[in-house]
1. For the pairs K80/K405; K249/K411; K91/K169; K14/K405; K385/K405, note any where the Cα-Cα span goes beyond 32 Å.
2. Which order do D325, D73 take by accessible area at a 1.4 Å probe, largest first?
3. Given K247/K357; K86/K257; K98/K262, which pairs have Cα atoms separated by over 27 Å?
4. Less than 10 Å Cβ to Cβ from D46, Lys/Arg counted +1 and Asp/Glu -1: what total charge do the surrounding residues give?
5. Setting aside same-chain residues fewer than 8 positions from K447, which aspartates and glutamates have a Cα under 16 Å from its Cα?
6. Which percent, nearest 5, of DSSP beta bridges in the chain are antiparallel?
7. How many percent of the accessible area of region 363-443 is carbon or sulfur, using a 1.4 Å probe?
8. What angle, in degrees between 0 and 90 and rounded to the nearest 10, separates the Cα long axis of helix 265-275 from the longest principal axis of the Cα atoms of the chain?
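The values are calculated or read from the model by the stated rules, or taken from the named source; none is laboratory data. These numbers were taken from a predicted model, which means no experiment stands behind them. As a convention, Cβ positions derive from the backbone with ideal geometry for all residues, glycine included, and neighbour counts pool all protein chains shown. Note: accessible area is taken over every heavy atom of the protein model, side chains too, but ligands, DNA and RNA are not part of it. Shrake-Rupley method; radii C 1.70, N 1.55, O 1.52, S 1.80 Å.
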Amino acid sequence: MSLTVNLKNLGIIKQAEFSLGDLTIICGENNTGKTYITYALYGFLDFWHKHIDIPIDDGLISSLLSEGSLRIDLAQYVDKVNQLLKEICEKYPGFLDKVFAAEDGTFLNTEIQIKPGTINLRELEYRGKIGSKQEPSIIFLKEEGSEALEFTLGGNTKKGTEIDTFYAKMGIGYTITRAIFSDAFPCPYISSDERTGVAIFGKELNSARNRLLEKIGGSYPQYDPRKLLMKFYKKYADPIEDSVDFKRKIGEIDKRKSFIAKEHPEVLDDFTEIVGGTYAITQDDLLCYMPKGTKLRLPMDMSSSSVRSLLDLNFYLHCDVRKGDLLMVNEPELNLHPENQRRIARLFARLVNLGIKVFITTHSDYIVKELNTLIMLNHEKPHLKRIVEENGYKESELITADQVKVYVAEKALMPLEEGQKKRRRAHTLIPANIDPEFGIEVRSFDKTIDAMNRIQRDIVWGAKKDK
């Protein structure tokens with residue numbers, strides 16, 4: 001199921017429309033709205049998952065507890081979920097000030113419409129659990145080819161067990177909505193362009209906040225210090241705050257293993273080659289980097305900028321990523337050598353082929369050209385097979401043009417609005433052409449490269465032309 005986003009009056013963006021692909025790329029010059037679009041999309045998906053509220057009848061909970069199982073026809077909830085989506089789209093612009101940590105009213109005129117593609121309830125398998133090991137749990141399953149969602153009491157939960165009705169209803173409502181829109185509205189994880197700073201200062205920011213909480217709590221016991229702190233000291237956009245929070249929890253996150261770590265460890269081995277070593281957490285809760293082939297343990301402030309840039313992606317892939325997630329990376333080329341930019345492009349392609357959606361903004365011609373190569377190599381031609389083998393490419397890295405969406409953020413002529421006599425130029429997104437055989441066409445890169453080549457030709461041959 002595809003997802004189409006329509007934006008109006010978002011920062012510098014006057015109007016834009018884009019669709020999410022398995023791999024979505026936004027290119028463009030500086031100050032053309034790429035980060036605005038990225039943060040707004042991340043904020044919406046995060047907002048969606050936190051504000052799902054489908055009403056569930058108390059009788060359904062009673063039936064589950066008495067019978068031990070419950071079967072729900074998803075088709076009867078499609079209209080309710082679509083109405084919920086409409087309501088959330090109307091509410092969301094009012095939350096953008098918080099998402100961007102902006103002044104109240106900054107996004108007063110912003111409009112955002114999110115449109116999922118055709119809903120096919122039979123298409124995907126969806127399974128999981130509501131609750132935890134220590135609490136009564138509910139297991140759910142929607143099999144591929146079925147339109148029914150089945151709930152059963154977990155192994156530690158027997159018929160007649162008392163379950164918190166409020167959380168059971170909320171969990172079942174959330175699960176129904178996710179089962180209908182699980183492909184269209186993936187759970188997002190973002191690696192912001194502030195990640196190198198977060199890698200160094202995240203702990204200090206957290207410590208400073210805790211000290212401030214203690215001070216406020218001691219001086220003004222009649223107030224909730226956390227509410228005061230969030231009201232007066234919220235200075236960072238949500239994606240940056242979430243990055244700090246992710247780093248703060250790395251010690252806990254490090255105890256988990258993602259499906260990639262369990263089923264595809266070779267992907268992580270290749271990622272280690274990009275990093276040039278591994279990360280570790282010491283007994284003193286110190287985050288360290290260990291360069292390959294040495295016994296050194298370097299703290300983040302003594303590690304290279306590329307090591308800090310890849311820190312959060314490392315722990316996300318090792319410990320937290322799930323199939324169907326949306327990995328969002330602002331400027332993945334940050335601090336990376338061109339060869340590692342090529343490698344990171346190949347990593348993204350492998351993640352896409354493992355069922356993880358990827359969304360990036362980039363200024364890197366190396367990344368785009370490498371993705372071009374992966375598209376161009378993915379054809380049944382003998383000479384392409386030879387090139388794949390000779391250059392060390394893997395079949396798992398090859399992608400198709402249909403998997404990729406590319407947009408260029410730039411100024412273009414807008415449609416005429418009511419009362420206008422002349423079309424105006426404004427910032428928007430322009431879809432880039434993607435040819436199955438020749439790959440992605442990004443004019444902004446080509447224009448700059450052509451200009452540099454022309455200048456160098458003039459330097460080399462200009463003197464002969466003057467004679």
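1. Those over the limit are K249/K411.
2. Sorted by accessible area, descending: D73, D325.
3. Correct reply: K86/K257; K98/K262.
4. -1
5. E29, D365, E410
6. On the way: 43 of 64 bridges.
Around 65 percent of the beta bridges assigned by DSSP in the chain are antiparallel ones.
7. 50 percent
8. 50 degrees
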